[in-house]
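Here, each number is a calculation from the coordinates, and none is a lab measurement. Just so we're clear, the structure is a prediction, and the values are computed from it rather than from any experiment. All Cβ positions, glycine included, derive from the backbone under ideal geometry; neighbour counts span all protein chains shown.
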Amino acid sequence: MSRYCQRIMKIYLDNCCLNRPFDDQSQIRIKLETEAKLHIQDKIQQKQLELVWSYILDYENQFNPFEERKNAICKWKKRAVITVSETSDILSKAKSLQKRGLKSKDALHVSCAIGAKCDFFLTTDDLILKKLRDLDEIQVVSPLTFISLWEGIYDNGYRN
C-alpha cells in the first residue's frame, strides 16, 4: 500500500455505486453501502480522494429514467479530475475483461478506470466483485471494503 503515500488516490465509482443512495434502504447491506458511498463523496469534496469519470458513465446516466437521480449523478462529473474518453486501448482492454465474464458496459467501466490509472474501482455489483477480485491492474472493491482499506492507509501515513 506504500504506493499511495506520495499522492492522492484516484478512484472510479461505477454506475451501480453512484446509484446506491437511491436504492431501497430497508436492507442493511444497501444502507451500509450507501453510508460508505456518501462518506467517499465527502472525501472527494474535501479533495482527499480524486474522482475519475468516463464516457460510459455519461452514456449510462443519460438513460436513467429518474430525472432527479440523473441530475444528482451528473453533478459528480464536475468533481472529476479526469474524464476518460473512448480509445482503442480502452476498447481492447474491455474486450479482454469480457473474457472474464463481464458484461460489455461493466468491462468498459473497469477498462476506463485502468486507463486512467485509478487505484481503486468501486462497485456494489457482486458479479463484478467476484470476477475481478484477483485483477492485477486495479483493486476492485465495494464501498465498504474501500473505507476499511482507505482508513488503514490513511492511518499508516497516507496524507494529501
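Using helices alone, what [θ] at 222 nm do you get for the chain, with -39,500 (n - 2.57) per DSSP H run of 4 or more residues, divided over all residues and rounded to the nearest 500?
Counting only the DSSP helices, I get -14500 deg cm²/dmol.
Report the label-to-label distance for E68 and D134 in nanometres (one decimal), using points 7 Å from each Cα along the Cα→Cβ vector.
Using points 7 Å along Cα→Cβ, the separation is 4.4 nm.
Over region 20-89, what relative contact order in percent results from Cα pairs under 8 Å that are six or more residues apart?
31 percent
Of the beta bridges DSSP finds with both residues in region 10-155, what % are antiparallel, to the nearest 5?
0 percent
For region 70-121, state what percent of all Cα-Cα pairs lands in each successive 5 Å bin, counting from 0 Å until the bin that includes the largest distance.
Reading upward from the zero bin: 4, 20, 25, 23, 15, 10, 2.
Highest first, please rank the peptides 54-63, 21-30 by the mean number of other Cβ atoms sitting within 10 Å of their residues.
54-63, 21-30
So how do K75, K130, K10 line up by other beta-carbon neighbours within 10 Å, fewest first?
Fewest-to-most ranking of K75, K130, K10: K75, K130, K10.
Report the relative contact order of region 10-155, percent, no decimals, based on alpha-carbon pairs under 8 angstrom and at least 6 residues apart.
Over region 10-155, the number comes to 30 percent.
Per residue and in cubic angstrom, what volume does the convex hull of the Cα atoms of the chain have?
111 Å³
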